[in-house]
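To start, the structure under review is shown below, and the notes come after it.
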Amino acid sequence: MKISKGTDYGLHALAYLIAKKEQQPINVKSLSEVLNISITYLSKILTQLVKAGVIKSASGAKGGYYLVNNWEQISVYDIITAIDGHQSTLEDSFNHGPECKIQAILLSAEDEMTKALKNKTLKDLM
């Protein structure tokens, strides 16, 4: 699993939305200033999170982004895959077969990390 800077920014944006717990949407400009992230880059990340159903957006003068009702149940893994997709830490060429002990160790470690991230939810960001 690869975790990008975009995912880092996405998780920090979500942590900010969780901390604010406001009923009114927070606009991307305010969020980008607080997090010190380019508006353009943050907008792309937030759009991915909207498409994944993690947050909602409202348009208009008082528009912005806000959490969905079941945000506490969304896993950190869900956020990573919403932004970075499903990727392995191992390159495609790293396929030596089931008898390779190195590959087995690395795949096992990746599985453990995936399980840990699936067991952590956005509620844990509080």
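The values are calculated or read from the model by the stated rules, or taken from the named source; none is laboratory data. Being a predicted model, the structure only gives us computed values, none of them experimental. Quick reminder, even Gly has a Cβ in these numbers, built from the backbone with ideal geometry, and neighbours come from all protein chains shown. Keep in mind that these areas ignore ligands, DNA and RNA; they rest on the heavy atoms of the full protein, side chains included. Shrake-Rupley method; radii C 1.70, N 1.55, O 1.52, S 1.80 Å.
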Query raised in the report: Given the residues 10, 85, which is the only one that is free of Cβ contacts under 8 Å to residues at least 24 places away in the same chain, closer than 27 Å to residue 119 by Cβ and within 12 Å of the chain's Cα centre (by Cα)?
Result: 85
Query raised in the report: If you go through the range 51-80 one residue at a time, how many are touching a residue at least 40 places away in the same chain (Cβ under 8 Å) and not in a helix (DSSP H, G or I)?
Result: 8
Query raised in the report: Hey, does the range 31-38 have a residue that's modelled with pLDDT under 95, closer than 14 Å to residue 68 by Cα and either out of contact with any His (no Cβ under 8 Å at 6 or more places or on another chain) or assigned to a loop (DSSP other than H, G, I, E, B) (or both)?
Result: no
Query - Test for residue 14: is it open to solvent by less than 40 Å² (accessible area, probe 1.4 Å), within 14 Å of residue 76 (Cβ to Cβ) and either hydrophobic (A, V, I, L, M, F, W, C) or modelled with pLDDT under 90 (or both) - result: yes
Requested in this report: Those residues that are open to solvent by less than 60 Å² (accessible area, probe 1.4 Å) and either modelled with pLDDT under 70 or assigned to a helix (DSSP H, G or I) (or both), I need them from the range 81-93; list them, please.
Outcome: 81, 82, 83, 84, 90
Requested in this report: Under 8 Å between Cβ atoms, at least 6 apart or on separate chains: pull out the pairs that start in the range 24-50 with a residue that is over 11 Å from residue 9 (Cα atoms) and open to solvent by less than 70 Å² (accessible area, probe 1.4 Å) and end on any residue that is assigned to a loop (DSSP other than H, G, I, E, B) and modelled with pLDDT under 95.
Outcome: 25/62; 25/63; 27/63
